[in-house]
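The values are calculated or read from the model by the stated rules, or taken from the named source; none is laboratory data. Since the model is a prediction, treat every value here as computed from it, not as a measurement.
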Amino acid sequence: LLARSIRHTAVRQAHRKHEPDFHDKYGNLVLLGGAVAFTAVWGYVLTQAGIEWGLSPVGRITPKEWRE
């Protein structure tokens with residue numbers, strides 16, 4: 001019974017016309033647009049935002065005086 005229903009579903013889907021959906025029509029375009037936007041935003045952040053990216057604390061941290 002299970003094998004017959006699986007076969008029936010496969011035959012039904014094989015005879016159905018495949019109409020392109022949103023992802024078939026615009027999927028690559030949306031992906032490309034997202035990649036361009038991602039690159040543009042991070043390109044701006046890394047070059048123009050004025051963030052100091054020095055992660056090393058050497059020379060910036062001075063030890064406190066020891067109190068007894």
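Worth pointing out:
- When each of PRO63, PRO57 is tested for being at pLDDT 70 or above and in a loop (DSSP other than H, G, I, E, B), the lone residue that passes is PRO63.
- Checking each residue in the stretch 1-19 for being among the basic types (Lys, Arg) and modelled with pLDDT of 70 or more picks out ARG4, ARG7.
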